[in-house]
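No lab work stands behind these numbers, since they all come straight from the coordinates. Here the structure is a predicted model, which means the values were calculated and not measured. Every residue, glycine as well, gets a Cβ built from its backbone with ideal geometry; the counts of neighbours run over all protein chains shown.
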Amino acid sequence: MTMTTTREAFVDAAARYDVVPVITEVLADRETPVTVFEKLVGDRDGFLLESVEGGEQWARWSFIGWDPEFTLVATNGVTTAEGAAVDLPDGDPLSVLEEVLATITAAPLEGDAPPLHAGAVGYLAYDAVRYVERLPGGPTDDRGLPEMVWQFVGRLAVFDRYRQTVLLIRNVFQPTDPDSAFDAALADLDDDAARLGVETAHAVVARPDFGVAPAYRANMTQAGYEAAVRRSIEYVEAGDVFQVVPSLRLEVDFTGDPFAAYRALRLVNPSPFLFFIRHGDVAIVGSSPELMTRARDGIATSRPIAGTRPRGATPAEDDAFEAELLADPKERAEHVMLVDLARNDLGRVCEFGSVVVDELMVIERYSHVMHIVSGVTGKLRPDVGPVDVLRATFPHGTV
């Protein structure tokens, strides 16, 4: 192991920041993000974030998190903190998240550092839009799932494909006795390193074992969905809205380990945004090509995707599908509408005149499909924070 955080650096940072990472780097040339997740997280609450760039190549970094310092959970508009005593402010869940984030400053990493080492990882359900917009009463809640879950990163393993190493990170929150806190963090890192080194024989991973029933169930009938589409058209024609996405929920019975389903998904549909988030009895599993919004170094970026064709069986067929997609007037009109929506959303939080379309209607090819993609960027106003950007762009216009 190579120690990358010294005691002196930790004590110095503890005097200036609320969250201070202690980091150890270990060799991981025989590991994968999946094996690291299975060894360090297992069936506990945690997350795995992965990315495939351009639909063809795994990105450099993957992130495995567990043992959060605390978790913000919002149900029916009420936010609670799990795992630690946190003094939460009043307000809607997004406001609570915003204020909690504002009270926590994390010591930055320097040099060739991963883009994530502290902060919060989680999800917003679609109904969280009611914390952003004034809306009438929603549909009956027949699931009782949280509208918001954010795990504040306590322990993190950052898988670095370039260096073939794993950065083991123990975030120490508000260390009042820096020397003791540093020693405790080192003990945690030693434990994590030992757990990674338990298995010396690396057998071939078997096909993930889980079962999915063949019959899907919808939450409305075909006639009911068609009626919802007709009502949506009436709302558009009346000028009440300019875009509606009538949603249909499909359900299927599932047996087995949700992480096994994620392992299968990442093999059959590698994408730029692969995620597995577990909180209690709920597991969120997904594979998406689309960046909703990114705020980094004072720049907000949105990359709307709209317009889809399958991948061809040959390069020539790929090219034919691409030409057909770019020539389709319906696909082009829908895409331009969503680019305008992205410009409007970023305009809420960016400096006047700074929002630009830096890529317009390019084709990106993924494992199974190709999409029309555009890039919209803007310079964030000085008074804008990350939750402001989330409010301005949520929910995303493309699904």
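For the Cα atoms of the chain, what angle does the longest principal axis make with the long axis of helix 315-327, in degrees from 0 to 90, nearest 10?
That helix lies at roughly 60 degrees to the long axis.
Calculate, in nm to one decimal, what D257 and T308 gain on full extension: separation in residues at 0.36 nm each, minus their alpha carbon distance. Kindly include the intermediate steps, with their values, before the conclusion.
Numbers: separation 51, 0.36 × 51 = 18.36 nm, distance 3.13 nm.
My answer for the length gained is 15.2 nm.
Which of rounded, prolate, oblate describes the chain, given a ≥ b ≥ c as roots of the alpha-carbon gyration tensor eigenvalues and a/c under 1.5 marking rounded, otherwise prolate only if a/b is larger than b/c? Don't jump to the answer; show the numbers that get you there.
Working: a/c = 1.59, a/b = 1.38, b/c = 1.15.
Prolate, since a/c reaches 1.5 and a/b exceeds b/c.
Between region 118-158 and region 240-266, how far is it from one alpha carbon centroid to the other, in angstrom?
16
Could you give the length gained on full extension between D160 and T176, defined as 0.36 nm per residue of separation minus the Cα-Cα distance, in nm? If you can, show how the numbers build up before the last one.
Working: separation 16, 0.36 × 16 = 5.76 nm, distance 3.17 nm.
Length gained, D160 through T176: 2.6 nm.
Out of the trypsin sites (Lys or Arg not before Pro) in region 261-351, which ones are loop residues according to DSSP with at most 12 other C-beta atoms within 10 Å? Display every interim value, and only then the final one.
Values: sites: R263, R266, R278, R294, R296, R311, K330, R332, R343, R348; in loops: R311, R348.
Here no trypsin sites (Lys or Arg not before Pro) fit, given the DSSP loop and packing criteria.
For a test of the definition: using alpha carbon positions, the gyration tensor, and the 1.5 limit on a/c, classify region 290-393 as rounded, prolate or oblate.
Prolate is the answer for region 290-393, as a/c is 1.5 or above and a/b outweighs b/c.
Nearest 10 degrees is fine. How inclined is helix 329-347 to the longest principal axis of the chain, computing both from alpha carbons?
50
What is the sum of charges, Lys and Arg at +1 and Asp and Glu at -1, for the other residues whose Cβ falls under 12 Å from the Cβ of A107? If you can, show how the numbers build up before the last one.
Details: positive: R16; negative: D12, D18, E110.
Net local charge, A107 excluded: -2.
What is the local net charge at R391, summed over the other residues whose Cβ is closer than 9 Å to its Cβ (Lys, Arg +1; Asp, Glu -1)? Mind dumping the intermediate values first?
Values: positive: R348; negative: E98, D388.
Net charge around R391: -1.
Over the chain, with a Gaussian network built from C-alpha contacts below 10 Å, which listed residue (A84, A283, A260) shows the highest mean-square fluctuation?
In this elastic network of the chain, the residue with the biggest mean-square fluctuation among A84, A283, A260 is A84.
Whole Å is fine, so just give me how far the alpha carbon centre of region 290-363 lies from that of region 1-64.
Computed from Cα coordinates, the inter-centre distance equals 32 Å.
Calculate the FRET efficiency for A316 and V369 from the Cβ-Cβ distance with a Förster distance of 25 Å, rounded to the nearest 0.05.
So the FRET efficiency works out to roughly 0.90.
Which order results if Y131, Y162, Y126 are arranged by neighbouring Cβ count within 10 Å, fewest first? Please list the in-between numbers first.
Working: Y131 21, Y162 9, Y126 13.
So the ranking, lowest neighbour count to highest, is Y162, Y126, Y131.
Which of rounded, prolate or oblate describes region 1-124 when judged by the alpha-carbon gyration tensor and an a/c cut-off of 1.5? Spell out each step's value before the answer.
Numbers: a/c = 1.94, a/b = 1.28, b/c = 1.52.
Because a/c hits 1.5 or more and a/b fails to exceed b/c, region 1-124 counts as oblate.
Under 15 Å from a point placed 7 Å out from the Cα of V129 along the Cα-to-Cβ direction: which residues of region 378-399 have their backbone N that close?
391-399
For the chain, find the longest principal axis of its Cα atoms and tell me its angle to the long axis of helix 178-196, 0 to 90°, nearest 10.
70
Using a Gaussian network model of the chain whose springs link C-alpha atoms within less than 10 Å, name the residue from M361, M148, M220 with the highest mean-square fluctuation.
Highest fluctuation among the options: M220.
Nearest 0.05, what FRET efficiency do A327 and A238 give at R0 = 41 Å with Cβ-Cβ as r? Each step should come with its number before you reach the end.
Values: r = 32 Å, r/R0 = 0.79.
With a Förster radius of 41 Å, E is 0.80.
Name the longest site-free stretch of the chain, where the excluded sites are GluC sites (Glu not before Pro) in a DSSP loop with no more than 15 other beta-carbon atoms within 10 Å. Provide the component values of the computation, followed by the final result.
Details: sites that count: E56, E110, E133, E199, E351.
Here the longest segment lacking exposed loop sites spans 200-350.
So between T140 and R217, what do we pick up on full extension, going 0.36 nm a residue minus the alpha carbon distance?
Working: separation 77, 0.36 × 77 = 27.72 nm, distance 1.76 nm.
So the extension gain works out to 26.0 nm.
Counting other C-beta atoms within 10 Å, which of V86, V349 has the fewest, and how do the rest follow? Provide the component values of the computation, followed by the final result.
On the way: V86 17, V349 23.
Result, fewest neighbours first: V86, V349.
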